[in-house]
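Student: First the structure, which I've put down as structure tokens, then a few questions once you've had a look.
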Amino acid sequence: MSPRTYLLAAGAFTVGTSGYIISGLLPQVSRELQVSPAAAGQLVTAFAIAYAIASPLLAAATGRWERKRLVITALLVSAVGNALSAIAPSYELLLVARVIAALGAAAFTPTATAVGTTINPPERRGRAVAVVFGGLTLALIVGVPAGGLLGPSLGYQGVFWLVAAASVVAAVVSVFGLPRVAAPPAVRLRERFAVLADVRVRLVLGMTVLACLSAFSVFTYSSSLLAKTADLHGGVISLMLLGYGAGGAIGNALGGRLTDRFGSRTPLLWSVTFFVAILATLPFTAVTAVSAGVVFFLWGLATWSVNPPIQNWLIELAPTTSGLLLSVNASAIYLGVGLSGVVGGLVISSWGVLVLPPIAAAVAALSFVLLVLAGRRGTEPVGEPEAELVPA
């Protein structure tokens, strides 16, 4: 494993924190800008929607950029977005600033993933993807609680300044630490998006949407669920979520290693099966603090072990346009996350929170069906291998 991969993971941590940390700052934003909590929550939605829309468009627009240059530029755009978030005098300008930060994240994550696979040998590609996504996992574990802890002392503006500074540091380190990576071969815009016509690609992307929808619909309402099943509240629930994050970090790393050893499809089959079983039984297993802690750890492990093999599978399917596919997959992730709150809310309001995990398990089972269908259609790649290293 190239040590430079960890520089990409550090960048992923900064842009991931940029997206996640706002959730812990919403009460302060609501109070200081005198907007309703619901309006403050739209800052999260704006970031997610901007990311989902912009990621494939930016991948196409920057297709001929040298990859190191693109990584550094994306980090600096993220820094600008967070700096503007810190000085925005109104809710409307803060909304614009969050969109700018999302553009940086949308350009960075798929590019960093592709670079990570390029600077490592093919037999380490799964682990390289896991390392980069490990930065995002750490951002999920740290981002929300960090916002809640630092906000009272620094104000939400100070927290955004910290994230902006971290993005600048990551960009500077990348200048000296990353090698130059040539852009993929020139491909016309129509040809770049033509890969989406491949049935296997659409099935894998659909699986991403459904898996994220099922996972985050339950995760979003986990506090309400644990209060109902195990009578847990406050700090104890935070410990459960911390256990989920720890399981996610381990699952992400394990998914990368299993992908390198067994390929993409076998680890996915086992991970999704495990994932479905956990969600289906969650109301009956998370009934005490101890059992809930174990279940949430295993749930995080199963959920985040899915990422490396999916990313690797897309790279295998379309090496020539893998950067675009990874960006579209990132959009699929955010689409699933965005839908999760709406779907979860509808289920809870209609049937109650205890019904949510089984319904989420059914959605995850559908993603399993898409996985099987995609696997039966062969493994032949759509294009030729992507960029090679060029001298610095």
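The values are calculated or read from the model by the stated rules, or taken from the named source; none is laboratory data. Keep in mind that what you see is a predicted model, and the values were worked out from it rather than measured. Cβ coordinates were reconstructed from backbone atoms using ideal geometry, including for glycine residues, and neighbour counts include every protein chain displayed.
Student: Suppose we keep only residues that are more than 25 Å from the chain's Cα centre (by Cα) and not in a loop (DSSP other than H, G, I, E, B) within the stretch 166-195. Which one would you say is modelled with the lowest pLDDT?
Tutor: Leu189
Student: Another question, if that's okay. Before we move on, is Ala302 of a type outside the set (Asp, Glu), farther than 20 Å from Cys212 by Cβ, buried (at least 16 other Cβ atoms within 10 Å of the Cβ) and out of contact with any Leu (no Cβ under 6 Å at 6 or more places or on another chain)?
Tutor: When the stated conditions are applied, Ala302 does not pass them.
Student: Related question: Determine which member of the set Thr118, Thr137 is buried (at least 19 other Cβ atoms within 10 Å of the Cβ), among the hydroxyl-bearing types (Ser, Thr, Tyr), within 15 Å of the chain's Cα centre (by Cα) and assigned by TED's automatic domain parsing to the domain that holds Pro27.
Tutor: One residue alone meets the criteria, Thr137.
Student: Residues of the stretch 71-93 being part of a helix (DSSP H, G or I) and surrounded by fewer than 24 Cβ atoms within 10 Å (Cβ to Cβ), which ones?
Tutor: Ile72, Thr73, Leu76, Val77, Val80, Ala83, Leu84, Ala86, Ile87, Tyr91, Glu92, Leu93
Student: Sticking with this one: Here is a list of conditions, (1) within 21 Å of Val355 (Cβ to Cβ); (2) part of a helix (DSSP H, G or I), and Val294 meets all of them except one; can you say which number that is?
Tutor: (1)
Student: Tally time: how many residues in the stretch 200-229 are small (Gly, Ala, Ser) and surrounded by 22 or more Cβ atoms within 10 Å (Cβ to Cβ)? Write out each step before concluding.
Tutor: If we filter the stretch 200-229 for residues that are small (Gly, Ala, Ser), which is where we start, we get 206, 211, 214-215, 217, 222-224, 227.
Narrowing further to those that are surrounded by 22 or more Cβ atoms within 10 Å (Cβ to Cβ): 211, 214-215, 217, 222.
Residues flagged as small (Gly, Ala, Ser) and surrounded by 22 or more Cβ atoms within 10 Å (Cβ to Cβ) within the stretch 200-229 amount to 5.
Student: For the stretch 275-290, name all the residues that are under 20 Å from the mean Cα position of the chain (by Cα) and surrounded by fewer than 24 Cβ atoms within 10 Å (Cβ to Cβ).
Tutor: Result: Val276, single match.
Student: Looking at the stretch 249-288, which of the residues that are outside any helix (DSSP H, G or I) and among the aliphatic types (A, V, I, L, M) is nearest to Gly134 (Cα to Cα)? So that I can check it myself, show each step before the final result.
Tutor: Within the stretch 249-288, the subset outside any helix (DSSP H, G or I) is 263-264, 286-288.
Remaining after also requiring among the aliphatic types (A, V, I, L, M): 286-287.
On the way: Ala286: 26, Val287: 30 Å.
Ranking the candidates gives Ala286 first.
Student: Let me confirm something: among Ala106, Ala102, Ala86, Ala97, which residue is more than 14 Å from Phe47 (Cα to Cα) and outside the structural domain of Glu316 (by TED's automatic domain parsing)?
Tutor: On inspection, the qualifying residue turns out to be Ala86.
Student: While we're here: How about the stretch 231-258: which of its residues are of a type outside the set (A, V, I, L, M) and modelled with pLDDT of 85 or more?
Tutor: Listed by number, the residues that qualify are Asp231, Gly243, Tyr244, Gly247, Gly248, Gly251, Asn252, Gly255, Gly256, Arg257.
Student: Another question, then. Looking only at the stretch 12-26, how many residues end up being under 13 Å from the mean Cα position of the chain (by Cα) and either assigned to a loop (DSSP other than H, G, I, E, B) or not polar (S, T, N, Q) (or both)? Explain how you work it out, then say what you get.
Tutor: Initial filter on the stretch 12-26 (under 13 Å from the mean Cα position of the chain (by Cα)): 12-20.
Now drop any that are not either assigned to a loop (DSSP other than H, G, I, E, B) or not polar (S, T, N, Q) (or both), which leaves 12-13, 15-16, 19-20.
Looking only at that region, the number is 6.
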